[in-house]
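**Student:** The structure follows.
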């Protein structure tokens, strides 16, 4: 099997996460007892593309991944991946940037002609 150019430049943790996602999708399909051919047909993709997704190939488009999750009835969690409520570091950084004091803006000075 050839290695795509995009997988060469990926950090190792990213490759691991993609492989895990692919295995989880494959396991979800198997738990539902849905054959590869049926998932591929319902997602309007080829069986080879589904095979690549299940193997964690980084060249598979995010839209295809989302469509396969839809076919498996698992899209509700996809919307929460980058939800700010689950971003501990982002929330901490936001808290550090809060102003110490809040000042009321000054009213513009009146001109003598009014």
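The values are calculated or read from the model by the stated rules, or taken from the named source; none is laboratory data. This is a predicted model, so every value here is computed, not measured. Because the Cβ atoms are built from the backbone with ideal geometry, glycine has one as well, and the counts that use them run over all protein chains shown.
**Student:** Could we say that residue 36 is at pLDDT 95 or above and either surrounded by fewer than 13 Cβ atoms within 10 Å (Cβ to Cβ) or more than 17 Å from residue 62 (Cβ to Cβ) (or both) here?
**Tutor:** Against the criterion (at pLDDT 95 or above and either surrounded by fewer than 13 Cβ atoms within 10 Å (Cβ to Cβ) or more than 17 Å from residue 62 (Cβ to Cβ) (or both)), residue 36 qualifies.
**Student:** Here's something else I'd like to know. Examine segment 46-68 for a residue that is surrounded by 10 or more Cβ atoms within 10 Å (Cβ to Cβ), at pLDDT below 95 and more than 20 Å from residue 35 (Cβ to Cβ), and state whether such a residue exists.
**Tutor:** No; the residues of segment 46-68 include none that is surrounded by 10 or more Cβ atoms within 10 Å (Cβ to Cβ), at pLDDT below 95 and more than 20 Å from residue 35 (Cβ to Cβ).
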